[in-house]
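None of the figures in this text is laboratory data; all of them are computed from the coordinates on show. Only a predicted model underlies this, so the values are computations on that prediction, with no experimental measurement involved. Please note: Cβ atoms are built from the backbone with ideal geometry, for glycine as well, and neighbour counts cover all protein chains shown.
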Amino acid sequence: MQDKEWLEELLEMGSRDEKLSPKQKKILEAAVEIFSEKGFAASSTSEIAKRAGVAEGTIFRHYKTKHDLLISIVVPTWTKIITPLLAKSFVKEVFKKNQYNQAEDFLRALLTNRLEFAKKHLPILKILLQEIPFQEELKEQFTSIFTEHIYVQLQKIIEHFQQQGDIIDLPSKTVIRMILTTGIGFILTRLFILPDAQWDDEQEIEHTIQFMLYGLSGKEDS
């Protein structure tokens, strides 16, 4: 299934750095599923062991605590998969101002790219959303990546479209905050808050773009 591609990729990377036994792979897969379903605090190693088809003691032979098991999933996933995608692939695919004629073309590419990314990595994103506020290492990495790569590129492209007259003349940091707040809000609602609603993703992206550009009044800036 598509939502396990990232895990298969991570396990493949891990097997090159440190040989993972078949039982370890089953433990990691089961842990991701249960952590994402129930949250870290509400999960137990006995549940993970049952789903992985191993004895609970097997988990503790590889990971001293449940927290160690969490970190063994989150940190490698963040550093080996999420970070490169954010810092390299995302920037390369989306932030090329000369490939967009209008601001709405850029916003469409941005929203489509991030929604597809979130769908593919949904289980680990659930865990990251739960744990980033409490894991200083992850928080620092995210802040660094966003500031050094994504924010700089966003600022350049926003200022480009402001000069072109496509985006209102507000401070670029304010425009970035509004775009991120609206875009992330759409994705969180779509995948985490109301995932079972009847969604037309293409239509919702277009509605979100219109809101970003014109607000609730529906009037273009004169």
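From largest to smallest, what semi-axes in whole angstrom does the stretch 14-63 give when each is the square root of 5 times an eigenvalue of its alpha carbon gyration tensor?
Rounded to whole Å, the semi-axes are 19, 12, 9.
Would you mind getting me the FRET efficiency between K23 and F134? Use the beta-carbon distance for r and R0 = 25 Å, nearest 0.05. Computed FRET efficiency for K23 and F134: 0.35.
Normalising the average separation of contacting C-alpha pairs (under 8 angstrom, six or more residues apart) by the number of residues puts the relative contact order of the stretch 14-63 at 36 percent.
Selection among T174, Q162, Q210 by position relative to the dipole of the stretch 145-222 gives T174 as farthest towards the positive end (Cβ unit charges, Cα centre).
Pairwise Cα separations in the stretch 73-222 fall into 10 Å bins from 0 onward with the following percentages, short to long: 10, 38, 36, 15, 1, 0.
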